[in-house]
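Peer 1: One structure, pasted below without further comment.
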Amino acid sequence: YETENLSLTVDIDLGNHTLKSITGDQDSAELFTIVSWGSPVAVFPVTRDITFDQFSQEFQLSSDFDGPLSYVLGYYYLDASFDQDSGPVQNFVSGQELEATAIFGEVSYEINEEWTATLGLRYTEEEKDFFVRNFANVPDKLAFKASGATPAGGFLNAVNEIYEDDYIQHRFIIKRDFDTGMAYASVSNGFRSGGIFARCTDPVTCTPFGTEEVINYEAGLRLEPSDALVFNVTAFMADYKDKQEQVTTNGVVCGNAASATCTFSLNAAEVTISGLELESRYYPSESLSLNATIGILDADYDSYDDGGVDISDRAKLRMAPEFTFNLGFDYDVSLPGGDLTLSGSYNGRDTYWGQANWKTFNFAQGPNIEVDSYESLDLSASFRTETSNGNQIKVIIFGNDILEEGGRIARPFDAGAFAFAAPAKRQHFGMKLGYEF
């Protein structure tokens, strides 16, 4: 994987306003090579070349008044594209051009010394132009792309789709300040863009899916009862409508009898996610800080329509552990040549589910796609020093999950005809060198 990222931020002082320009550019290339195993021969080798390019430009105009009113106005533009070539068993090329624009604004008003209200609005519109070309056997897909010619064997189920949508987002926050902190409540909405599933193999699986919508409710306390203690509490609930789900099923269902499976996306579900987060930090001395975080999550499908059947009573939200925690410390030491920070954390999470076709998945027979709970001890030492010309050198030595060797299963997936899982390494050590100028 190779990527090149460039960013440019410019601030212009206009008196009682500030104009900010944020420009970003990314060029990435990825070579993805895997092979399935589990039998005497390789089952499904895949080599996939992927390129991704993105350019974005944002302008923000922020007020700087002495009075109770402040605001931000802005404009955002995004242009992105990707291309992928895949083979040798299932040969296809696909790509997409995306263009999105947004205008936004947010106003804050200090009602009095204690109360502040904030209202924000954002309007986004986007267009995605997607194509996929499937073919049985083309020796050189890159040459095909360059020429734009049709292969001798012809295309199988060529697809061209255009997806267009717009969306209005809002955010409202009411905040109350007091001597030892503040309390707030907010309501906001958001969306996950619709489109076309990039790995589709025929017109059925390439049917566009729509926008996923969510309304977020949040309330919290931010407390500093003393200079040595910080304590935060956050309660939240997210209500999802038209949630996007990826369904992997038998190829015959998608009109592709030659394929063992096919995958498509659809707006199938409604989901409610609620939770509580507790966070605290304590400073016993100027050089030592202790922190603790606990997260409690309740996440369930309210409905899940799979081919006219509601499977919400058996479907499991993936990657949603009910309990997470983190206990840590930071200790700063002043040395003659610079500053040293020793850090450590003991963290973990409860069991959680991977992905499956819940309509047909057999919980008794498996495969097992429930990830076991785990804990991890991470330690690091960071040394920072300045050169004579004011530049900074940083050296970090770290060890992650130092008590457990080997690996663990992180993302299991049952596709029906086969199953696989992505591993995550456990005990590993490393060093980072940085130079800032």
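Peer 1: Taking a probe of 1.4 Å, how large is the accessible area per residue of the stretch 55-104, in Å²?
Peer 2: With all protein chains present, the stretch 55-104 gives 46 Å² per residue.
Peer 1: Just reorder SER376, SER285 by solvent-accessible area, largest first, 1.4 Å probe, all chains present.
Peer 2: SER285, SER376
Peer 1: Which Cα, out of LEU119, ALA381, THR18, lies furthest along the positive dipole direction of the chain (beta carbon charges, K/R +1, D/E -1)?
Peer 2: Farthest along the dipole direction, towards plus: ALA381.
Peer 1: Would you mind getting the accessible area per residue of the stretch 288-437, heavy atoms of the protein chains only, 1.4 Å probe, in Å²?
Peer 2: On a per-residue basis, 60 Å².
Peer 1: Right, something else. How do the peptides 361-370, 1-10 rank, highest first, by the average count of neighbouring beta carbon atoms within 10 Å per residue?
Peer 2: 361-370, 1-10
Peer 1: Taking the Cα-to-Cβ direction at GLN365 and at LEU288 and moving 7 Å from each Cα, how far apart do the two end points lie in nm?
Peer 2: Between GLN365 and LEU288, the label points sit 5.8 nm apart.
Peer 1: For LYS394 and TYR346, what does the FRET efficiency come to when R0 = 22 Å and r is the distance between their Cβ atoms, rounded to the nearest 0.05?
Peer 2: It comes to 0.35.
Peer 1: Name the residues whose placed amide hydrogens come within less than 5 Å of the amide hydrogen of SER312, ignoring near sequence neighbours (fewer than 5 apart) on the same chain.
Peer 2: Under 5 Å from the amide H of SER312 lie the amide H atoms of TYR304, each far enough along the sequence or on another chain.
Peer 1: Here is a follow-up. Quick one: if you stick a label point 7 Å off each Cα along the C-beta vector at SER28 and PHE418, how many nm between them?
Peer 2: Simple spin-label model gives 2.5 nm for this pair.
Peer 1: Counting heavy atoms of the protein chains only and a 1.4 Å probe, report the per residue accessible area for the stretch 169-240 as a whole number of Å².
Peer 2: That works out to 49 Å² for each residue.
Peer 1: Shifting gears a bit: Magnitude of the Cβ-charge dipole of the stretch 53-100, K/R +1 and D/E -1, about the Cα centre, nearest 20 debye?
Peer 2: Result for the stretch 53-100 is approximately 120 debye, rounded to the nearest 20.
Peer 1: Next up: How large a share of the accessible area of the chain, in percent, is made up of carbon and sulfur atoms when the probe is 1.4 Å and the other protein chains stay in place?
Peer 2: The C+S portion of the solvent-accessible surface of the chain is 54 percent.
Peer 1: At 222 nm, what helix-only mean residue ellipticity would the chain give, in deg cm²/dmol to the nearest 500, using -39500 (n - 2.57) for each DSSP H run of four or more?
Peer 2: Helix contribution divided over all residues of the chain: -500 deg cm²/dmol.
Peer 1: Where a Cα-Cα gap under 27 Å defines reach, which lysines qualify for LYS394, not counting those fewer than 8 residues away within the same chain?
Peer 2: Leaving aside lysines fewer than 8 places away in the same chain, those within reach of LYS394 are LYS425, LYS432.
Peer 1: Still on this model: Compare the peptides 329-339, 262-272 by average per-residue count of other Cβ atoms within 10 angstrom and give them in order, highest first.
Peer 2: Going by the mean number of other Cβ atoms within 10 Å, highest first, we get 262-272, 329-339.
Peer 1: For q values of 0.09 Å⁻¹, compute log₁₀ I(q)/I(0) with the Debye formula on a Cα-only model of the chain, without solvent.
Peer 2: Computed log10 I(q)/I(0) values: -0.86.
The values are calculated or read from the model by the stated rules, or taken from the named source; none is laboratory data. Because the structure is a prediction, the values reported are computed rather than measured. Cβ sites come from the backbone with ideal geometry, for glycine too, and all protein chains shown count toward neighbours. Ligands, DNA and RNA are excluded from the accessible area calculation, which covers all protein heavy atoms including side chains. Shrake-Rupley method; radii C 1.70, N 1.55, O 1.52, S 1.80 Å.
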